Amino acid sequence: MVLPDLNFTPPEGDVHIPEGDHADDDEQANEEMYEQNLYEAALDEVEDAVDEEQDAVEMDEQDQHYNGEEPGGHQALRHRKVLPDHQRYAAYVAMHSLCMKNGGKFDKNDKKDVAVFFQSDIQVMQRIWRLAMKQIADGLEVDVSSKRKGRCGRKPKNIDLSIVPSIPLYQRSTIRSLAWQLGVSPSTLFTRFKAKHIKRISNSLKPLLTEANMLARLQFCLSMIGETKTKKGNPIFKSMYNYVHIDEKWFNLTKKNRKYYLLPEEEEPMRAVTNKQCIGKVMFLTAVARPRFDSAKNVTFSGKIGVWPFVKQLPAQRKSDNRPKGTLETKSIKVTRDVMREFLIDKVLPAIQDAWPAEDAGQTIFVQQDNAKPHILPNDQEFKDAVAKIGMDIQLVQQPDSSTP
């Protein structure tokens with residue numbers, strides 16, 4: 001099938017319906033007779049259309065287009081449902097030319113071919129033709145332009161989002177709970193969320209600080225400003241190379257599930273505890289400092305002072321099936337201020353003395369700790385006496401109150 005040139009805009013003024021290439025000269029003489037014949041032929045086409053077999057074929061093909069498949073079973077692109085106005089008018093002219101070419105009737109696949117040419121559906125072509133024929137019958141100018149002007153389609157549901165702040169926070173932690181309070185569906189509210197009419201945040205707990213706490217934090221930050229400044233006169237924080245940070249950390253003795261790599265002939269290890277919900281754990285004391293590097297970025301001091309578990313060896317007080325009485329067992333100990341003092345004097349201080357870089361000999365070393373109750377105070381006399389014995393200048397400093405996030 002050869003279609004006429006369709007790359008043109010609709011003519012202004014009255015629309016004169018073009019005649020077919022094979023129309024007789026006698027029919028051109030009488031325009032009223034021509035319009036009457038055209039109207040009768042159009043009515044026959046609209047009312048009778050095509051036979052039932054053609055309708056069935058078209059519906060089957062249309063269903064396949066809706067499913068994204070072609071008759072051969074191959075995946076096909078969906079056809080456009082909405083055509084621009086100039087293409088709608090061009091489609092009408094093409095169908096009219098084909099109709100008049102066959103004496104006022106369509107061939108079996110004429111409308112289908114026009115729909116394929118415009119990458120649309122055959123139902124769109126049928127609606128355009130019916131609209132044009134109705135306008136001709138009413139004596140009106142043919143206008144097959146789309147009625148979808150401006151903002152068309154389903155309008156969004158009006159939701160009063162101004163009441164959201166008045167809803168308790170625990171009732172708007174999810175889209176579903178907030179939608180229930182607003183009286184809308186979750187999908188409608190999610191559309192507003194995607195349009196950024198509402199936002200989602202992650203809120204974490206913060207320490208409850210008093211005015212004294214905030215002032216102490218500010219003073220602690222100011223104490224970390226060094227005496228040197230940049231070329232522009234801006235202050236610089238201390239390098240903190242002479243600071244040792246100590247803290248405690250709990251570790252479970254094992255996990256419920258562990259992964260191992262074994263040889264095929266190896267047996268799986270047997271791990272057992274009295275209660276899987278109460279796995280034993282041990283607290284460790286850790287001391288670290290800031291690492292140091294030379295000009296070639298080689299590590300000269302790793303900053304790792306040491307890690308020590310809060311455990312002790314105790315003899316078993318009575319015998320059992322697993323060991324005789326008196327066997328040494330490893331038991332975790334409760335951390336108190338006396339235990340912390342003992343670990344600082346017997347473990348932390350010797351480790352600092354052994355690991356500290358020689359080029360920093362004579363500098364004051366600050367051991368910084370938080371305000372946990374078992375920690376000893378900076379003016380602890382036993383700690384000062386132990387520091388004096390090793391011949392180093394080591395001082396205890398504490399972070400401000402409520403400084404742990």
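Mind listing just one residue for me: the one in the stretch 288-306 that is hydrophobic (A, V, I, L, M, F, W, C) and either in contact with a Gly (Cβ under 6 Å, 6 or more places away or on another chain) or within 25 Å of Leu344 (Cα to Cα) (or both) and, of those, most open to solvent (accessible area, probe 1.4 Å)?
Residue satisfying both the conditions and the ranking: Val288.
(1) over 30 Å from Ala372 (Cβ atoms); (2) in a loop (DSSP other than H, G, I, E, B): which one isn't true of Lys255, the others all being true?
(1)
Just wondering, is there one or more residues in the stretch 85-100 that are among the aromatic types (Phe, Trp, Tyr), without any contact (Cβ under 8 Å) to a residue 60 or more places away in the chain and surrounded by fewer than 13 Cβ atoms within 10 Å (Cβ to Cβ)?
So far as the stretch 85-100 goes, no, none of its residues is among the aromatic types (Phe, Trp, Tyr), without any contact (Cβ under 8 Å) to a residue 60 or more places away in the chain and surrounded by fewer than 13 Cβ atoms within 10 Å (Cβ to Cβ).
Determine the pairs where a residue that is in a loop (DSSP other than H, G, I, E, B), located within the stretch 306-321, has a partner that is among the small types (Gly, Ala, Ser) and open to solvent by 90 Å² or more (accessible area, probe 1.4 Å) with Cβ atoms under 8 Å apart, the partner being 6 or more residues away or on another chain.
If the second residue must be among the small types (Gly, Ala, Ser) and open to solvent by 90 Å² or more (accessible area, probe 1.4 Å), no pairs are left.
Would you mention how many residues in the stretch 361-381 are outside any loop (DSSP other than H, G, I, E, B) and surrounded by 13 or more Cβ atoms within 10 Å (Cβ to Cβ)?
As a first pass, look at the stretch 361-381 and keep what is outside any loop (DSSP other than H, G, I, E, B): 365-369, 381.
Now restrict to residues that are surrounded by 13 or more Cβ atoms within 10 Å (Cβ to Cβ): 365-369.
Matching residues across the stretch 361-381 total 5.
Of the residues that sit in the stretch 148-163 and are among the hydrophobic types (A, V, I, L, M, F, W, C) and either in a helix (DSSP H, G or I) or open to solvent by 80 Å² or more (accessible area, probe 1.4 Å) (or both), which one is farthest from Arg88 (Cα to Cα)?
Only one residue tops the list, namely Ile163.
Before we move on, is Ala216 touching a residue at least 40 places away in the same chain (Cβ under 8 Å), part of a helix (DSSP H, G or I) and not acidic (Asp, Glu)?
Yes, satisfied.
Looking only at the stretch 164-209, which residues are part of a loop (DSSP other than H, G, I, E, B), open to solvent by less than 100 Å² (accessible area, probe 1.4 Å) and in contact with a helix residue (DSSP H, G or I) (Cβ under 7 Å, 6 or more places away or on another chain)?
Once the filter is applied, which keeps residues that are part of a loop (DSSP other than H, G, I, E, B), open to solvent by less than 100 Å² (accessible area, probe 1.4 Å) and in contact with a helix residue (DSSP H, G or I) (Cβ under 7 Å, 6 or more places away or on another chain), the stretch 164-209 yields Ile167, Arg172, Ser185, Ile198.
The values are calculated or read from the model by the stated rules, or taken from the named source; none is laboratory data. These numbers come from a predicted model, not from an experiment. Cβ coordinates were reconstructed from backbone atoms using ideal geometry, including for glycine residues, and neighbour counts include every protein chain displayed. Quick note on the areas: whole protein, heavy atoms, side chains included, nothing else; ligands and nucleic acids left out. Shrake-Rupley method; radii C 1.70, N 1.55, O 1.52, S 1.80 Å.
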